[in-house]
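The values are calculated or read from the model by the stated rules, or taken from the named source; none is laboratory data. Please read these numbers as outputs of a predicted model, since none were measured by experiment. Cβ sites come from the backbone with ideal geometry, for glycine too, and all protein chains shown count toward neighbours. Surface accessibility is based on the protein's heavy atoms, side chains included, excluding ligands, DNA and RNA. Shrake-Rupley method; radii C 1.70, N 1.55, O 1.52, S 1.80 Å.
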Amino acid sequence: MPSFLLTSLLLIFGASFLASWICGRCSDKCGWLLSLAPFGAFALLASHAGTIADGSVVAYHVDWFSALDCAFSLRLDGLALLMGLLVTGIGGLIVIYASGYMHGHPLLGRFYLYLLSFMGAMLGLVLSDNLIVLFIFWELTSITSYLLIGFNHEQKESRWKALQALLTTGLGAMAMLAGFIFIGGVSGSFSLTEINAMGDVLRESPFYLAMVLLVLGGAFTKSAQVPFHFWLPNAMAAPTPVSAYLHSATMVKAGIFLMAALNPALGGTELWGNTLSIFGSVTLLLAVVLGLFQKDLKAILAYTTLGVLGLLTMLLGIGTDYAIKAMVGFLLGHALYKAALFMVAGSVDHETGTRDVTLLRGLRGLMPITAFAGGLAALSMSGLPPFFGFIGKELIYKASVKLEGLELYFLLAAFIGNFLMMALALKAGIGPFFGKSNHLALPKKPHEAPPAMWLGPVVLGVGGLVLGLFPFLVTGLLAPTIASILGGPVPVIKLELWHGFNLPLLLSVFTVAGGYALYTIRGKFWAVADQVRAAIRPWGAEAMYERIFNATIWLSKAQTRRLQTGRLHDYVFMIVLVTVGFLVWAILNFGGLQFDIDWSEFDLIMMGLVVIMVISAFVAVTATAYMTVLVALGTVGFGVALIFVYYGAPDLAITQLLVETLTVVLFMYVVLRLPPLKTISSKMMRVRDAILASTFGFLMMLLVLKAVNIQFNHAISDKLAAMSYPEAKGKNVVNVILVDFRALDTLGEITVIAAAALGIAALVSVKFKKRKEGTS
């Protein structure tokens, strides 16, 4: 049943909600127990691998917001299956690893809550068949990764780097959402399945450029492509289990997944291919070069991850069958060895107290199992036979040697990136365990990590070796993945270690030679590492991010100082100013003010009354005595009542007179207790306010005149008059409107007045109570 897709999600999210409870009752075994959820989801997905290998697709669909064409749709095709197995399989090993790495941590339950919530969000992301649902899971991965990166919240560095990752990926997500809206508008659907079937429609759309750039904005920020690459190495502030998971199979692969999933719809053009290829190759080269100067184990691995993301993006951009085949194979191989290497780095740090590779050497005798796992993973990452990493590298070279002309630049980028990556793999996975022992200079006396910490690296390291020896084991998984990315039938692929003597093999030999040579002179790069970082940093992307961030903070503070002054006068001024601005803009953009005035309807009596009211209003705002102000305001109010009488609305006139009289009396009672009026603002400020108030009043007068001359339909007054007696049994139309037709509105007004009266009564009673207590 397709519901197994939903079950796999519920398993992981359910485990996340129970994590704190489980850890509170069996902290020593909670990691092993919680790992059953991702392993269970892994088994559910793997049980349908045969169906997917045959070219079928499993779908689960529940109507949600049908008006927005938003259904909770899940879909298991080749790409979703591969990513889902990586998310759950490696995720289960990470959960077990964390039980050893985080043993005894007081917030272990919270950590598992964050980790499993992230895992569920990532699984939901790769299974989503609706762009809106995908976006929801996408944002959930951003929020949970923020919590994971900043887990050590007592450290300022962790909080800063978590915020950096959240803002960078979050802003990209906003761009991506705009791209999704464009795609949905052009295709008429948010279903990935339907969108990928309408590639020609999208590519021919005038909005194609906007769609590509906006979607890639989200993908590039998530997968840390230049110039958004800086956040990924900084995410190393997270605990090592988080780093191992984010960098091997999950968050940083989300952007790669998105580009691969939308390749049938948006791919196949020069814009798509060139953008991905160029940005990917630049990211690859920049990452591996910067990685040479790193001395922290996790930083070295972070930069290699960055390089691999660039390589995968470049292969997607090249877009040939061979390139996609290489991309899929390399994605699987990288997930296996990178998760293992990160866990090995965490074990080394956990047992020695340092990640400084200049201090780490000769640990194989004290940590033999960890050294074994790290060696396997490093050799696979180096692309040596008989590991699966060698097959992935061969596929890349096979795809690249078929390029011609300027495209051979990508072959050069792949070659340079691969041999530099091999040097970094040896530095991270071989260097700490070989050479003369230096454990006396380490902060802690090292010893072998507990089983929970070496189980995952060993399983993944051996897995890379087994798949290299027997690559046919994964052809049924990789073939439908390639078909999903290309949007075609499932191809017949053949993976082998030996293809004879050819150019790709020669490039592999040169890669190994170059990588080993760089590894032997690694000390020369470390010697100048600090100087290189100091020279590059002021001009780097991170420095630009910090400038933009600081400028934003400065602007927000400046706006707050200007707008949030604490003075009612300033707030009213800004509201009126903005309103005037929008009114002027609307008038200029929507036909101007065109109306006819019938001057015959005006007589001298009404004109005189209006003049008196205007003079009274002027007196009210310029007077320096409260009584003068009240008299002036009362004159304006009574003038309005006379206008109602003149135009045949005695009910309104009576209401106005009563309200005006009551208001004036109440104001008189209040002002007797107020201090004398003082001039607080300057003369220039009063002139400014007068100009703005006059402009606003004049605009409102013009809009009223224009509204009188606009009639979209019959006057509603005629209909209300006709309905008054038959439906409400009242001949007074005004009363009927207030009491019957607008009954809830009137009730609301009465409620507001009653609430205000109760508030005033409460304040007055408190004041009288305090006065009484003071006299007694």
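Yes or no: the stretch 63-70 includes at least one residue that is crowded, with 20+ Cβ neighbours inside 10 Å and in contact (Cβ under 8 Å) with a residue 40 or more places away in the chain.
Just the residues of the stretch 63-70 that are crowded, with 20+ Cβ neighbours inside 10 Å, to begin with: none.
Among the residues of the stretch 63-70, not one is crowded, with 20+ Cβ neighbours inside 10 Å and in contact (Cβ under 8 Å) with a residue 40 or more places away in the chain, which makes the answer no.
Could you check the stretch 509-568 and list, in sequence order, the residues that are exposed (fewer than 10 other Cβ atoms within 10 Å of the Cβ) and of a type in the set (Gly, Ala, Ser)?
GLY523, ALA534, GLY566
Report whether or not PRO443 is touching a residue at least 24 places away in the same chain (Cβ under 8 Å) and not in a helix (DSSP H, G or I).
Values: touching a residue at least 24 places away in the same chain (Cβ under 8 Å): yes; not in a helix (DSSP H, G or I): yes.
When the stated conditions are applied, PRO443 passes them.
When you go through PHE220, PHE190 one by one, which is the residue that is touching a residue at least 12 places away in the same chain (Cβ under 8 Å), out of contact with any Lys or Arg (no Cβ under 9 Å at 6 or more places or on another chain) and farther than 30 Å from ILE94 by Cα? Give the steps one after another, and end with the answer.
Details: PHE220 fails: farther than 30 Å from ILE94 by Cα.
Exactly one residue qualifies, and that residue is PHE190.
Here is a list: LEU10, LEU44, LEU36. Which entry is within 25 Å of the chain's Cα centre (by Cα) and among the aliphatic types (A, V, I, L, M)?
On the way: LEU44 fails: within 25 Å of the chain's Cα centre (by Cα); LEU36 fails: within 25 Å of the chain's Cα centre (by Cα).
Going through LEU10, LEU44, LEU36 in turn, the sole match is LEU10.
State all residues of the stretch 220-242 that are part of a helix (DSSP H, G or I) and either of a type in the set (Val, Ile, Thr) or closer than 16 Å to SER145 by Cα (or both); if no residue qualifies, say none.
THR221, LYS222, TRP231, LEU232, PRO233, ASN234, ALA235, MET236, ALA237, THR240, PRO241, VAL242
Among the residues that make up the stretch 305-315, is at least one of them of a type in the set (S, T, N, Q), in a loop (DSSP other than H, G, I, E, B) and within 21 Å of ILE396 (Cβ to Cβ)? Please lay out each step first, then the result.
From the stretch 305-315, those of a type in the set (S, T, N, Q) are 305, 313; that's our starting set.
Subsequent filtering for residues that are in a loop (DSSP other than H, G, I, E, B) retains none.
Looking for residues that are of a type in the set (S, T, N, Q), in a loop (DSSP other than H, G, I, E, B) and within 21 Å of ILE396 (Cβ to Cβ), one finds none in the stretch 305-315, hence no.
When the stretch 427-476 is examined, which residues are found to be among the charged types (D, E, K, R), touching a Gly at 6+ places or on another chain (Cβ under 8 Å) and over 23 Å from ARG522 (Cβ atoms)? Explain how you work it out, then say what you get.
Kept after step one, since they are among the charged types (D, E, K, R), are these residues of the stretch 427-476: 427, 436, 444-445, 448.
Next cut, touching a Gly at 6+ places or on another chain (Cβ under 8 Å) only: 436, 444.
Matches in the stretch 427-476: LYS444 only.
Anything in the stretch 145-160 that is crowded, with 22+ Cβ neighbours inside 10 Å and either at pLDDT 95 or above or among the aliphatic types (A, V, I, L, M) (or both)? List them, or say none.
LEU148, ILE149
Which of the numbered conditions does LEU505 fail, given that it passes all the others? Conditions: (1) under 36 Å from the mean Cα position of the chain (by Cα); (2) part of a helix (DSSP H, G or I).
Failed condition: (1).
Run down ALA483, ALA452, ALA425, ALA479 and say which single residue is under 28 Å from GLY514 (Cβ atoms) and within 34 Å of the chain's Cα centre (by Cα). Can you show your working first?
Details: ALA483 fails: under 28 Å from GLY514 (Cβ atoms); ALA452 fails: under 28 Å from GLY514 (Cβ atoms); ALA479 fails: under 28 Å from GLY514 (Cβ atoms).
The match here is ALA425.
Let me spell it out: the conditions are (1) in contact with a helix residue (DSSP H, G or I) (Cβ under 8 Å, 6 or more places away or on another chain); (2) open to solvent by less than 50 Å² (accessible area, probe 1.4 Å); (3) at pLDDT 85 or above, and PRO504 meets all of them except one. Which number is the exception?
Result: PRO504 fails condition (3) only.
Among the residues of the stretch 679-736 satisfying the criterion of being hydroxyl-bearing (Ser, Thr, Tyr) and part of a helix (DSSP H, G or I), which is least open to solvent (accessible area, probe 1.4 Å)?
Residues of the stretch 679-736 that are hydroxyl-bearing (Ser, Thr, Tyr), as a first pass: 679, 681-682, 694-695, 717, 724-725.
Retained after the next criterion (residues that are part of a helix (DSSP H, G or I)): 694-695, 717, 724-725.
Working: SER694: 76, THR695: 55, SER717: 70, SER724: 3, TYR725: 120 Å².
Selected residue: SER724.
Could you please give the count of residues in the stretch 623-650 that are in a helix (DSSP H, G or I), polar (S, T, N, Q) and surrounded by fewer than 17 Cβ atoms within 10 Å (Cβ to Cβ)?
Initial filter on the stretch 623-650 (in a helix (DSSP H, G or I)): 626-646, 650.
Those left that are additionally polar (S, T, N, Q): 628, 635.
Subset that is surrounded by fewer than 17 Cβ atoms within 10 Å (Cβ to Cβ): 628.
Residues in the stretch 623-650 being in a helix (DSSP H, G or I), polar (S, T, N, Q) and surrounded by fewer than 17 Cβ atoms within 10 Å (Cβ to Cβ): 1 in total.
Would you mind finding the one in MET381, MET367, MET453 that is open to solvent by 10 Å² or more (accessible area, probe 1.4 Å), at pLDDT 90 or above and touching a His at 6+ places or on another chain (Cβ under 9 Å)?
On the way: MET367 fails: open to solvent by 10 Å² or more (accessible area, probe 1.4 Å); MET453 fails: open to solvent by 10 Å² or more (accessible area, probe 1.4 Å).
Within the list MET381, MET367, MET453, the selection yields MET381.
Go through (1) surrounded by 18 or more Cβ atoms within 10 Å (Cβ to Cβ); (2) closer than 29 Å to LEU331 by Cβ; (3) touching a strand residue (DSSP E or B) at 6+ places or on another chain (Cβ under 6 Å) one by one and return the number of the condition ALA59 breaks.
(1)
Sort through ALA425, ALA441 and tell me the only one that's surrounded by fewer than 21 Cβ atoms within 10 Å (Cβ to Cβ) and either touching an Asp or Glu at 6+ places or on another chain (Cβ under 8 Å) or among the hydrophobic types (A, V, I, L, M, F, W, C) (or both). Spell out how you get there, then give the answer.
Working: ALA425 fails: surrounded by fewer than 21 Cβ atoms within 10 Å (Cβ to Cβ).
Sole residue among the options that is surrounded by fewer than 21 Cβ atoms within 10 Å (Cβ to Cβ) and either touching an Asp or Glu at 6+ places or on another chain (Cβ under 8 Å) or among the hydrophobic types (A, V, I, L, M, F, W, C) (or both): ALA441.
Give the residue that is modelled with the lowest pLDDT, with candidates limited to residues of the stretch 212-231 that are crowded, with 24+ Cβ neighbours inside 10 Å and of a type in the set (A, V, I, L, M).
The qualifying residue modelled with the lowest pLDDT is ALA224.
For the stretch 466-496, enumerate the residues that are open to solvent by 50 Å² or more (accessible area, probe 1.4 Å) and of a type outside the set (Val, Ile, Thr).
Taking the stretch 466-496 first, the residues open to solvent by 50 Å² or more (accessible area, probe 1.4 Å) are 466, 469-470, 472-473, 486-487, 489-490, 492, 494, 496.
If the condition is that a residue be open to solvent by 50 Å² or more (accessible area, probe 1.4 Å) and of a type outside the set (Val, Ile, Thr), then LEU469, PHE470, PHE472, LEU473, LEU486, GLY487, PRO489, LYS494, GLU496 are the ones that fit.
ILE195 is checked against (1) under 30 Å from SER56 (Cβ atoms); (2) open to solvent by 10 Å² or more (accessible area, probe 1.4 Å); (3) not in a loop (DSSP other than H, G, I, E, B) and fails just one. What number does that condition carry?
Evaluating ILE195 over (1) under 30 Å from SER56 (Cβ atoms); (2) open to solvent by 10 Å² or more (accessible area, probe 1.4 Å); (3) not in a loop (DSSP other than H, G, I, E, B) leaves (2) as the failure.
Go through (1) at pLDDT 90 or above; (2) open to solvent by 10 Å² or more (accessible area, probe 1.4 Å); (3) over 26 Å from HIS447 (Cβ atoms) for LYS398 and report which single condition fails.
Here LYS398 meets the rest and fails (1).
Give me the pairs: first residue in the stretch 607-627 and over 21 Å from ARG673 (Cα atoms), second residue of a type in the set (Lys, Arg), beta-carbon distance under 6 Å, and six or more apart or on different chains, which are they?
none
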